[in-house]
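Visitor: Would you mind keeping the following structure in view while I ask a few things?
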Amino acid sequence: MGNKVILLGNEAIARGIVEAGCDVAVAYPGTPSSEILPAVAKYADELGTRTAVEWAVNEKVAFEVAATASFTGKRTCAIMKQVGLNVAADPLMSVAHFDLAGGFLIVSADDPGPHSSQTEQDSRYFAMFAKVPCFDPASAQEAKDMVFDAFDLSEKYHMPVMLRPAVRVDHCRQDVETGTVRDLARKADFKKDIRRWVCLPAHVKINHPQLNAKLDSVREDFETAFGRYNLEIPAKGKARIGIIASGVSFSIVMDLLKEWKREDVAILKIGTPHPLPVKMVEEFMARHDNLLVLEETYPVIEMQLPNRTKLKGRWNGFVPRAGELLPEVIRDLILNALGEPVPEEGVPELKAAIEEMKVTPKPPMLCPGCPHRASFFAMRKALPTGIYPSDIGCYTLGVNQRDVDTTIDMGASLTSASGFYLAYKTDGKDQPVVATIGDSTFFHMGILGLANAVYNRHAFVLAILDNSITAMTGGQSNPNVGEKLRQGDEGRRIEIEPVVRGCGVSFVKVVEPYDTADSAEVFKEAWEHAKANREPAVVILRHPCMLLRQKQARVKVRVNPDKCIGCKYCTNFFNCPGLPFDEGAKKARIDERFCVQCGVCIQVCPHGAIEAVEGEEA
Amino acid sequence: MQYIIVGLGGQGILFTSRVLGYIAVSRGERVMGSEVHGMAQRGGSVISHFKVGDYSSPLVLTGAADLLLSFDQNEGIRNLHFLRKAGHAILNVHAPEAMENPHLKSFLAERQIKAFCLPGYDILREKMEGRFLFMNALILGAMCGAGAGNLSIDEVSDAVEKLAPAKFRADNLKAVNLGYGHFAGK
Ligand code: SF4
Ligand code: SF4
C-alpha cells in the first residue's frame, strides 16, 4: 500500500512514469502538458532513479529521441500537448509500424474548450489514424494507473501506446496513491535488424499487416482484461437511459447522478477508446433503447461502431460538435435525452446586474513590465504600415496592442512573412513585414523558416523577442538558456546571434526593448537593409521576462492630469494593466495594484503626460 | 463542501486551494479540484474549482457551490451563479457602491446568498505596505472571520504557516489575521 498525497494530475502521470521504471523521458512544454516533465525530474531525483529527463527543441525531436531509446529495450516516453503531436505526426505514423523492443509511451494532453491552444483536436483520433492503442483517463489516479498498463501493453505487443489526458485531468488536484519504483534493471541492448528498424517500403508490406494483427489482439484484451477501465455501472431496476462515457465526462456523470440521487441510469465507462472494445459496447447498446455518448472532443467511440444510428452523440449533433463538456452541458444533455425539463438557469436578476454593471470576463494580457509590449510599441512606431505575422507564445497576446496580424502555429511567423513577401513582390510592391517570434519558438521551428527565407531571398524583418525563457507555459528552459531539469545535469547554451548568422543573415542587431526610441531606429534600419539586399534582417530584442524577477531599475510614474488630453493613444497601443483609462475622468491613470514601475510608458505618451515621479527613482 | 475561487491571473489563487486541500487531507477528507494554468494566467479571469468529500469530477456544477471566494469584485459578481441557495460569498471589493445595484441585491435576496464584502486592497495598502500578493491569505482569514464554510481560524493559520515560504510566513499570518479581524465579532 502506498501513501496518499495530493497531486496535480500531471504530477500523478509523472509519478507513474518514474515508478514504472521509465529510463528516458523527453518533452516539449505546452499547456496542458507542461507540468509533467519537471515532475518526472523531481520524482526521479527524490527516488534516486537514473531516468534521463530532457526538454527537446520540439515535439518531433522529443518523439524520435524517446522512441529510438526504446529500440534498446528500455522504457521511454515522449510528452507533449495535442498540437505538439501534429509536429510529431511524421515519426508517430512511422514508428507505429515498428516491432518495438522496450515500452514506449506517448503522452498527448488534450485541451477541449480550448483554454490554451489553437485547436481542440482529439489525440484519440490521431491514435486511431496511426493505429496505436489509447488510454483515456477519467481522473488523476486513473491516469497514473494507466501509465503502468500502457507500458505493459506496449511491451506485450511491441508497439507504441498513447495516454490521452484531457485538461481537466492534467490540471485536477486530487489525492493520489504513490508507490515505489519498479526496478527493471534494463541494460541498453540494441539488436541490429533492418526489418525492424528501417522503414523501407518493402518492410511496410510486412509490418502493416502485423500492426493490424496486433491491434486486433489489443482489442480482444480491451474487451476482456481491462475491466478496471471499461466497466458497466448498472441501473437499479429498469434503466431509462444508457450512457456511454469516457474521460472526465464519465466523472461528471457520476457526480450528477449522485447529486440527483438517480438510479435509473446505466453507464458504460470506456477507458480504452482505441481500439474500441466493440463487442462490449454493442452488447450494452443492445440492452438500451435510449443511448447517449459523452466523449471529448471528437466522436471517436462513435466512429468505431459499425452501427451508430441509435446513438445520441456528437456524430448526429445531439451532443454539440465542438466545445468542452462542462457539468452544465452534460446535465442538460442527460435531461434532454430523458425528455425531462431542463432547469432554467434561473438568474435573470444576476444577468441584468452584470449587464448594467458592464462586468465582462477579463482576457489575458501581457504582464505589466513585459518586454514584449515595449518591443511591439517600437516595431509599430518604426513601421506603422507593416504587416505583423507572429507566433505562439505570450507575445500572441500582442493582439491587444494590435501588433499581431496572423498566427498559425509554432514557427509560422517566419513562413508567413515569406508568404506575404512573395504575394506583394509579384505586384512589384515593397510591403514592410515584421515577423515576431520568441526565443524558445525560434529554436522549436523558426530556424528552418529563416534558412528558407535566406535561401530564397525574402525581404522582411525578423524580430526575435529574447526573454530567456519559455514564458507562456510557465518558464521552462530552452537551448537559449542552456539549463537542464535533473539535479547535476549540465546543458550548453546556444546563442541566437551565431545561429542567425550561420543561417546566412548579414544584418543582426541586439537592442534593449525598454529603450523604445533606439529599438525603433534599429527596426527602420533593418527594414531598409532587408529591402535593399533582398534578405531577411534580424533584430534581437533582449530583456528578461518578468517571471524571472530579475532586478531592474524602478521608475515610479504618474499621469499628469493637466497634460493628459484623454486621447487613449496609450491604452490603444501600449495597453498595460498598470495604465488603465478612467472613463469618468476621461484621463489615463496609474493603477498601482498592477504597475511594476518599469517606466517604459513615459516614452509612450505623445503629449508628455506620463512622468517620472522625481526623487523616487531607485 | 464545494468551493469556487475566482480572480485574475497572478493574484495567487492556486495557493488558496493548496491551503484548503492541506486542511481537508489532515482532516482525513478526500479532495478534488480543477486549476487554470497557461495562457489564462496572464492577468485574465481565472477560476478554480475545489471539492471536499466523496466526488468523482473536479468541476462544480453551477448553482451547487457552497462558498465563493473572490479576489476581484467583477470576477466575483460574474461567478455568483455558481452559488447554491443560501451559499456564502467572500468578496474583495474595490468599488463598494457598485454592490448596491438593485438587480444584484434582489438576486442575492432571492437566493438567500450572504455576501461578505471587504476592501482588500485598502486593507493591504494601509496595513501591509500595499503588498497585494497577500490577498489570498487575507481572504482565507476573512472566510473564517465571517463564519462562512466550516474551517476554523486555527486550522487555516496552521495550514498557511506550513505552506507559505519561510520568507513570507509572518506576513501571511498577519494577513490571515487582518482578514479574520475584519468580520469576526461584528
Ligand atoms: S510571462 Fe514574461 S513574456 Fe509572458 S507576458 Fe509576462 S513578462 Fe511577458
Ligand atoms: S496619458 Fe498620454 S497617451 Fe494616454 S490618454 Fe493621456 S494624453 Fe493620451
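The values are calculated or read from the model by the stated rules, or taken from the named source; none is laboratory data. If you're wondering where the values come from, they're calculated on a predicted model, not measured in any experiment. We place every Cβ from the backbone using ideal geometry, glycine too, and count neighbours over all the protein chains shown.
Visitor: Please go through region A:513-553 and give me each residue that is within 16 Å of ligand 1 (Cβ to nearest atom) and either basic (Lys, Arg) or not in a helix (DSSP H, G or I) (or both), ordered by number.
Guide: Matches in region A:513-553: A:Pro513, A:Tyr514, A:Ile540, A:Leu541, A:Arg542, A:His543, A:Pro544, A:Cys545, A:Arg549, A:Gln550, A:Lys551, A:Gln552.
Visitor: Further, regarding this structure: What residue, among those in region B:86-99 that are more than 7 Å from chain A (Cβ to nearest Cβ) and modelled with pLDDT under 95, is surrounded by the fewest Cβ atoms within 10 Å (Cβ to Cβ)?
Guide: Step one: of region B:86-99, the residues more than 7 Å from chain A (Cβ to nearest Cβ) are B:86-97, B:99.
Going one step further and asking which of them are modelled with pLDDT under 95, we end up with B:94-97, B:99.
Working: B:His94: 14, B:Ala95: 10, B:Pro96: 13, B:Glu97: 7, B:Met99: 18.
Taking the candidates together, the pick is B:Glu97.
Visitor: Given the conditions (1) in a helix (DSSP H, G or I); (2) outside the structural domain of A:Phe318 (by TED's automatic domain parsing); (3) not hydroxyl-bearing (Ser, Thr, Tyr), and given that A:Asp332 satisfies all but one, which numbered condition is not satisfied?
Guide: Status for A:Asp332: all satisfied but (2).
Visitor: Take the residues of region A:545-599 that are of a type in the set (S, T, N, Q) and more than 12 Å from ligand 2 (Cβ to nearest atom): which is surrounded by the most Cβ atoms within 10 Å (Cβ to Cβ)?
Guide: Filtering first and then ranking leaves A:Gln597.
Visitor: Just to verify a result, which residue in region A:319-340, among those that are surrounded by fewer than 20 Cβ atoms within 10 Å (Cβ to Cβ) and within 16 Å of A:Arg240 (Cβ to Cβ), is nearest to the other protein chains (Cβ to nearest Cβ)?
Guide: A:Leu335
Visitor: Given the conditions (1) surrounded by fewer than 23 Cβ atoms within 10 Å (Cβ to Cβ); (2) outside the structural domain of A:Lys269 (by TED's automatic domain parsing); (3) free of Cβ contacts under 8 Å to residues at least 24 places away in the same chain, report the number of the one that A:Glu302 does not fulfil.
Guide: Failing condition for A:Glu302: (2).
Visitor: Scan region A:102-122 for residues that are in contact (Cβ under 8 Å) with a residue 60 or more places away in the chain, more than 11 Å from the chain's Cα centre (by Cα) and outside any loop (DSSP other than H, G, I, E, B) and jot them down.
Guide: Correct list: A:Leu105, A:Val107.
Visitor: Considering only residues that are closer than 19 Å to A:Leu397 by Cα, away from ligand 1 (no atom under 16 Å from the Cβ) and of a type in the set (S, T, N, Q), which ones fall in region A:560-607?
Guide: Result: A:Thr571, A:Asn572.
Visitor: Could you go through region A:347-363 and let me know if any residue there is surrounded by 13 or more Cβ atoms within 10 Å (Cβ to Cβ), farther than 30 Å from A:Asp216 by Cα and within 16 Å of ligand 1 (Cβ to nearest atom).
Guide: Within region A:347-363, one or more residues are surrounded by 13 or more Cβ atoms within 10 Å (Cβ to Cβ), farther than 30 Å from A:Asp216 by Cα and within 16 Å of ligand 1 (Cβ to nearest atom).
Visitor: Are any of the residues in region A:269-287 within 14 Å of another protein chain (Cβ to nearest Cβ), surrounded by 14 or more Cβ atoms within 10 Å (Cβ to Cβ) and assigned to a helix (DSSP H, G or I)? Please lay out each step first, then the result.
Guide: Going through region A:269-287, the residues within 14 Å of another protein chain (Cβ to nearest Cβ) turn out to be A:269, A:271.
Checking which are surrounded by 14 or more Cβ atoms within 10 Å (Cβ to Cβ) leaves us with A:269, A:271.
Remaining after also requiring assigned to a helix (DSSP H, G or I): none.
Looking through region A:269-287, none of the residues is within 14 Å of another protein chain (Cβ to nearest Cβ), surrounded by 14 or more Cβ atoms within 10 Å (Cβ to Cβ) and assigned to a helix (DSSP H, G or I).
Visitor: Can you go through A:Lys362, A:Lys381 and tell me which one is within 14 Å of chain B (Cβ to nearest Cβ) and either outside any strand (DSSP E or B) or within 16 Å of ligand 2 (Cβ to nearest atom) (or both)?
Guide: After ruling out the rest, the residue left standing is A:Lys362.
Visitor: Residues A:Arg493, A:Arg501: which one is in a helix (DSSP H, G or I) and away from chain B (no Cβ under 14 Å)?
Guide: Result: A:Arg501 is the single residue among A:Arg493, A:Arg501 that is in a helix (DSSP H, G or I) and away from chain B (no Cβ under 14 Å).
Visitor: Would you pick out the residues in region B:42-77 that are at the interface with another protein chain (Cβ under 7 Å from one of its Cβ atoms), out of contact with any strand residue (DSSP E or B) (no Cβ under 6 Å at 6 or more places or on another chain) and either farther than 27 Å from A:Asn400 by Cβ or surrounded by 22 or more Cβ atoms within 10 Å (Cβ to Cβ) (or both)?
Guide: Once the filter is applied, which keeps residues that are at the interface with another protein chain (Cβ under 7 Å from one of its Cβ atoms), out of contact with any strand residue (DSSP E or B) (no Cβ under 6 Å at 6 or more places or on another chain) and either farther than 27 Å from A:Asn400 by Cβ or surrounded by 22 or more Cβ atoms within 10 Å (Cβ to Cβ) (or both), region B:42-77 yields B:Ser56, B:Ser57, B:Leu61, B:Thr62, B:Asn74, B:Ile77.
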